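The values are calculated or read from the model by the stated rules, or taken from the named source; none is laboratory data. Bear in mind that the values here come from a model prediction, so they are computed numbers and not experimental data. Counting neighbours? That spans all protein chains shown, and the Cβs are built from the backbone with ideal geometry, glycine included. In case anyone asks, the SASA skips ligands and DNA or RNA and just uses the protein heavy atoms, side chains included. Shrake-Rupley method; radii C 1.70, N 1.55, O 1.52, S 1.80 Å.
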Amino acid sequence: MGRFFAITLRVFLPIVFVGLVSSGQAMADRIVARVSISAQLMHVYKDGLLIHEWPVSTARPGKVTPTGQYTAQFLSRNHRSSRYNNAPMPYSIFYSGNYAIHGTDQISRLGRPASAGCVRLHPQNAAVLFEMARTEGLENTRVVIVR
């Protein structure tokens with residue numbers, strides 16, 4: 001009986017551990033904002049289901065929108081840029097240092113590169129994403145930026 005128990009623990013304990021880690025990762029991905037730089041589109045997923053597709057503007061030539069996976073760091077409802085002449089950045093979701101997803105007043109430029117590096121959205125869409133991140137929690141909001 002003791003040997004059977006030891007073998008069972010060796011076989012099933014790693015499976016249980018992987019399941020716990022996986023469920024923690026799934027929880028961290030309740031909201032995923034996936035930005036395609038090449039397509040200038042954001043796909044928003046909630047619990048793995050695509051719920052929104054929005055045009056964005058990422059970095060214009062000479063500037064960079066960094067690629068990678070990030071957890072949202074902080075929210076700022078009425079943010080103004082300290083780097084770019086107090087430019088309005090409504091519904092900001094900061095994900096990597098000074099980089100954020102935020103609303104823009106340059107709606108006509110959405111769908112093509114135009115920013116200094118942030119991900120710009122229509123203000124109504126930015127408000128929706130901001131509220132999702134606020135409701136679900138920053139730790140459950142992931143930003144994925146791909147080429």
Legend entry - Top-ranked residue in the stretch 44-61 [being open to solvent by less than 80 Å² (accessible area, probe 1.4 Å) and outside any strand (DSSP E or B); ranked as farthest from residue 102 (Cα to Cα)]: 48
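Does residue 58 satisfy being closer than 15 Å to residue 126 by Cβ, at pLDDT 95 or above and of a type in the set (Val, Ile, Thr)? Explain how you work it out, then say what you get.
Working: closer than 15 Å to residue 126 by Cβ: yes; at pLDDT 95 or above: yes; of a type in the set (Val, Ile, Thr): yes.
The answer is yes for residue 58.
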Inset, instruction - Under 8 Å between Cβ atoms, at least 6 apart or on separate chains: pull out the pairs that start in the stretch 56-85 with a residue that is without any contact (Cβ under 8 Å) to a residue 12 or more places away in the chain and end on any residue that is loosely packed, with under 15 Cβ neighbours inside 10 Å and in a loop (DSSP other than H, G, I, E, B). - result: 80/86
Inset, instruction - Working only within the stretch 110-143, note down all residues that are under 15 Å from residue 54 (Cβ atoms), open to solvent by 20 Å² or more (accessible area, probe 1.4 Å) and assigned to a strand (DSSP E or B). - result: 120
Legend entry - Residues of the stretch 30-40 satisfying the condition of being in contact (Cβ under 8 Å) with a residue 24 or more places away in the chain, of a type in the set (A, V, I, L, M, F, W, C) and open to solvent by 30 Å² or more (accessible area, probe 1.4 Å): 37
Inset, instruction - Check the stretch 92-110 and report whether any residue there is touching a Gly at 6+ places or on another chain (Cβ under 6 Å) and more than 22 Å from residue 137 (Cα to Cα). - result: no
